[in-house]
Amino acid sequence: MSTRNYFFSQFNSVPAFSARAPGRIEFIGNHLDYNGGPVLGAAINRYVTVAVGPRSDEKIVLVSAAQSDCIKTTLDAAEQPLSGAEAWGNYPLGMLKVMRDAGMSVYNGFNIAVTNDLPLGTGLSSSAALELATGYALAAFHGFALDRKRIAVLGRAAENSFVGMPCGILDQGTVAFGRAGALVLIDCEKETFSTRSLPAGTHFWIFNTLKKHSLVDSLYATRHRECAEAFEILRRADPVLINLAAASETQIEAARAALGTERFKRALHVARETARVHDTLDALDAGDLPRVGRNLTASHESSRLFFENSCDELDFLAERVAGAPDVFGARLSGGGFGGAVMAFTGSTFSEADAGGIVDAYAAKFGTKPSIFHAETGDGAELFDE
Ligand code: GLA
């Protein structure tokens, strides 16, 4: 059902504006965003679509085809995050809150309907897609214009301050600036965004473990804190150091004792991953896809050994997939501690190849990961169905 028809079926009226936003793949640059490093992502052509329309009362009502709980709230009540089955509403309501905090005045009553052909909760950042689609639809409905950077920054703010996840700008930036056939390059220190064409004949496959560490959110926050502490320690020796990603391996080695084992490993991952992103860009310029792939696979190894955000299931998939024919490289994509492995492949990697890996995984772990042959897509935009 189209979002427009879904909206009509729920509210018996037509929406005024709709916007859609894609999922994203993290190509390389693991946990560099909140450390001020460079990251590469890609938007995929699966979307979350949000329709907004007026109401005659002062309520705000949200429905989603993917959620059984309908949310009824008001502008005042929507200042506070929701919990339990209604927690999905924190992405759209977080967007509403940061837009209001940024001085945009909004009407008292409106309806929001959400649909998605983007699989939810599978490491493709459906949360950022929901934030940005809501942002564009709400902005149009209230007569504001938001450029891509602004909406990415607001989306991240919603996630940080309302959802409570201390993420960087990778997800929202990629969702905002994605383009079919392109990677998005983000300089997370300067918050600048650009695109690089993907080489012809390359493909993305996502293998999702469908497993999530029960402590995934607190583990992410712990890594975030460890990185912040490592930066503070390194800055004592070099007061002009601007962020952790700017620290050299030599500086990190010199501070090894002060850092202690864990912070030392996190910092080393950040320094080497930063170098890998730069090398990946050079390799893409040179059309050297095997070198791109080696960086991807090395990134996974670094997550496994130094950032310690992998798990047995991800390691198994990354190793098997990277070793399959016509695969340039494979790595965990996103926060880690469960979630998905991304493979960057040539044209001959097939469903049958992927199936063989899934069977081997099932024999070892007793469950099947999902496989998804992802195509790149365009970034968030107003959308006339
Ligand atoms: C999650 C976060 C991103 C980024 C990645 C790891 O996807 O939302 O901001 O930190 O993890 O690179």
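Exactly one residue out of Arg156, Arg148 is under 30 Å from Phe110 (Cβ atoms), in the same structural domain as Pro22 (by TED's automatic domain parsing), in contact with a strand residue (DSSP E or B) (Cβ under 8 Å, 6 or more places away or on another chain) and at pLDDT 95 or above: that is Arg148.
Restricting the search to helices (runs of 4 or more DSSP H) fully inside the stretch 68-178 and requiring at least 3 residues that are open to solvent by 10 Å² or more (accessible area, probe 1.4 Å) and of a type in the set (A, V, I, L, M) gives 148-157.
Tell me which of these Ala257 doesn't satisfy, since it passes every other one: (1) within 15 Å of the ligand (Cβ to nearest atom); (2) without any contact (Cβ under 8 Å) to a residue 12 or more places away in the chain; (3) not hydroxyl-bearing (Ser, Thr, Tyr). Going through the list (1) within 15 Å of the ligand (Cβ to nearest atom); (2) without any contact (Cβ under 8 Å) to a residue 12 or more places away in the chain; (3) not hydroxyl-bearing (Ser, Thr, Tyr), Ala257 breaks only (1). Can you confirm whether Ala354 is farther than 23 Å from Ser214 by Cβ and outside any strand (DSSP E or B)? Yes; evaluated as a whole, the condition is true for this residue. Here the condition is being farther than 26 Å from Leu132 by Cα and out of contact with any helix residue (DSSP H, G or I) (no Cβ under 6 Å at 6 or more places or on another chain); of Arg179, Arg236, it holds for Arg236 alone. Consider Ala182 carefully, then state whether it is in contact (Cβ under 8 Å) with a residue 24 or more places away in the chain, among the aliphatic types (A, V, I, L, M) and more than 16 Å from the ligand (Cβ to nearest atom). Answer is yes for this residue.
The residue of the stretch 330-348 that is farthest from the ligand (Cβ to nearest atom), among those that are hydroxyl-bearing (Ser, Thr, Tyr), touching a residue at least 60 places away in the same chain (Cβ under 8 Å) and in contact with an Asp or Glu (Cβ under 7 Å, 6 or more places away or on another chain), is Thr345. His373 satisfies every condition listed in (1) touching a strand residue (DSSP E or B) at 6+ places or on another chain (Cβ under 6 Å); (2) exposed (fewer than 13 other Cβ atoms within 10 Å of the Cβ) except (2). Need the failing condition index for Ala267 against (1) buried (at least 21 other Cβ atoms within 10 Å of the Cβ); (2) under 30 Å from Pro119 (Cα atoms); (3) of a type outside the set (Ser, Thr, Tyr), just the number. That leaves (2) as the condition not met. Scanning the stretch 1-23 for residues that are without any contact (Cβ under 8 Å) to a residue 60 or more places away in the chain and either in a helix (DSSP H, G or I) or within 19 Å of Ile71 (Cβ to Cβ) (or both) yields Asn5, Phe8, Ser9, Asn12. Tell me yes or no: at least one residue of the stretch 15-23 is surrounded by fewer than 24 Cβ atoms within 10 Å (Cβ to Cβ), touching a strand residue (DSSP E or B) at 6+ places or on another chain (Cβ under 9 Å) and of a type in the set (A, V, I, L, M, F, W, C). Yes, some residue in the stretch 15-23 is surrounded by fewer than 24 Cβ atoms within 10 Å (Cβ to Cβ), touching a strand residue (DSSP E or B) at 6+ places or on another chain (Cβ under 9 Å) and of a type in the set (A, V, I, L, M, F, W, C). Listed conditions (1) in contact with a Cys (Cβ under 9 Å, 6 or more places away or on another chain); (2) in the same structural domain as Met99 (by TED's automatic domain parsing); (3) not in a helix (DSSP H, G or I) are all met by Phe193, apart from (1). Pairs linking a residue in the stretch 113-126 that is in contact (Cβ under 8 Å) with a residue 40 or more places away in the chain and within 12 Å of the ligand (Cβ to nearest atom) to a residue that is open to solvent by 10 Å² or more (accessible area, probe 1.4 Å) and assigned to a loop (DSSP other than H, G, I, E, B), with Cβ atoms under 9 Å and 6 or more positions apart or on different chains, are Gly123/Gly335; Ser126/Ala66; Ser126/Pro119; Ser126/Leu120.
Selection of the stretch 213-228 for residues being under 16 Å from the mean Cα position of the chain (by Cα) and buried (at least 16 other Cβ atoms within 10 Å of the Cβ) yields Val216, Asp217, Tyr220, His224.
Exactly one residue out of Ile25, Ile60, Ile71 is within 16 Å of the ligand (Cβ to nearest atom) and closer than 25 Å to Ala157 by Cβ, and it is Ile25.
Residue-level check: of (1) open to solvent by 50 Å² or more (accessible area, probe 1.4 Å); (2) over 19 Å from Ala200 (Cβ atoms); (3) in contact (Cβ under 8 Å) with a residue 24 or more places away in the chain, Glu351 misses just (3).
Being open to solvent by less than 30 Å² (accessible area, probe 1.4 Å), outside any helix (DSSP H, G or I) and at pLDDT 95 or above is a property that holds for Ala343. Among the conditions (1) open to solvent by less than 10 Å² (accessible area, probe 1.4 Å); (2) under 19 Å from the mean Cα position of the chain (by Cα), Ser310 misses just one, which is (1). Here the stretch 28-38 is the region considered, the condition is being at positive phi and buried (at least 24 other Cβ atoms within 10 Å of the Cβ), and the residue that is farthest from the ligand (Cβ to nearest atom) is Gly29.
The values are calculated or read from the model by the stated rules, or taken from the named source; none is laboratory data. Because the structure is a prediction, the values reported are computed rather than measured. For neighbour counting, all protein chains shown are included, and Cβ atoms are generated from backbone atoms with ideal geometry for every residue, glycine included. Note: areas computed on protein heavy atoms with side chains; ligands, DNA, RNA excluded. Shrake-Rupley method; radii C 1.70, N 1.55, O 1.52, S 1.80 Å.
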